[in-house]
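Take a look at the structure below.
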Amino acid sequence: MNQKTLAIIKPDAVQRNVIGEILCMAQERDLVPVAAKLIHLTRERAQGFYHVHRDKGFFDSLTEYMCEGPIFVMVLEGEEAIEGWREVMGATDPAQATQGTIRKRFGENIERNSAHGSDGPDTARFEIDFFSGDLELEG
Ligand code: UDP
Ligand code: MG
């Protein structure tokens, strides 16, 4: 099924100038960027984006990290894009991630793990809507 997912190249990876390599990995998986922008989140927006995690112990540190520098936000489209992008990213913890995945190649630790991807269709809808103003998406 053709799908869209919300993908983010996180601040650690943007700072290390590896956006291009990560885009190549999406391309190799036939995931097509249909919208994209570099955005510098405020703390409030980072908290809003990750509000499902507001009760977790890592919430404050995560939201501080997510606004320490620009992020590269993309809508990726393709066959089974949601699951496909999560496979390209690898496991949340880079130490557990498979060889050749983004998080294995670029992630520093379980927090600074270089990439985000929606985890299901409802999340993808919410997350694409969250950035629709920045990305100038219609409807
Ligand atoms: N995270 C963290 N510590 C943890 C688990 C997650 O700092 O123990 C961070 C990490 O950056 C992760 C994000 O919080 O990507 C969201 O966590 P989630 O469990 O949703 O992982 P993901 O869907 O990103 O793989
Ligand atoms: Mg998640």
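The values are calculated or read from the model by the stated rules, or taken from the named source; none is laboratory data. What you see is a predicted model; the values in this text were computed from it and never measured. Ideal geometry is used to build each Cβ from the backbone, glycine not excepted, and the neighbour counts take in all protein chains shown. Remember, those area values only see protein heavy atoms, side chains included, never the ligands or the DNA or RNA. Shrake-Rupley method; radii C 1.70, N 1.55, O 1.52, S 1.80 Å.
Relative contact order for the chain: what percent, with Cα pairs under 8 Å and sequence separation of 6 or more?
Relative CO of the chain lands at 37 percent.
At a threshold of 8 angstrom on Cα-Cα distance, excluding pairs fewer than six apart, so keeping six or more, what relative contact order does segment 57-139 reach in percent?
22
Roughly how many Å² is the accessible area per residue of the chain, as a whole number, for a 1.4 Å probe?
52
Taking the alpha-carbon set of the chain, what are its Rg and Dmax in Å?
Expressed in Å, the Cα Rg and Dmax of the chain come to 13.8, 39.
Net charge within 10 Å of residue 3 by Cβ-Cβ distance, Lys/Arg positive one each and Asp/Glu negative one each, not counting residue 3 itself?
Summing Lys/Arg as +1 and Asp/Glu as -1 gives -3.
So how much slack lies between residue 59 and residue 17, counting 0.36 nm per residue of separation and subtracting their Cα-Cα distance, in nm?
12.6 nm
With the contact rule set at Cα under 8 Å and sequence spacing of 6 or more, what percent relative contact order holds for segment 26-94?
For segment 26-94, the relative contact order is 50 percent.
Tell me, rounded to the nearest percent, the portion of alpha carbon pairs in segment 58-139 spaced more than 15 Å apart.
The share of Cα pairs beyond 15 Å in segment 58-139 comes to 63 percent.
For a test of understanding, tell me how many lysine pairs in the chain have Cα atoms under 20 Å apart, given they are 8 or more places apart or on different chains.
Pairs that pass both the separation and distance tests number 4.
Regarding segment 1-76, what whole-number volume in Å³ per residue does the convex hull of its Cα atoms give?
104
Roll a 1.4 Å probe over the protein heavy atoms and report the accessible area of residue 51 in Å², nearest 10.
80
Can you tell me the order of 127-134, 66-73 when each peptide is scored by its average per-residue count of other Cβ atoms within 10 angstrom, highest first?
Order by mean packing, descending: 66-73, 127-134.
Report the local net charge at residue 137: Lys and Arg +1, Asp and Glu -1, summed over other residues whose C-beta lies under 13 Å from its C-beta.
Value of the local net charge: -3.
List every residue whose amide H lies under 5 Å from the amide H of residue 113, counting only residues 5 or more places away in sequence or on a different chain, with H placed 1.01 Å from N in the peptide plane.
HN-HN under 5 Å from residue 113: 108.
Probe radius 1.4 Å, ligands and nucleic acids ignored: give me the carbon and sulfur share of the accessible area of the chain as a rounded percent.
48
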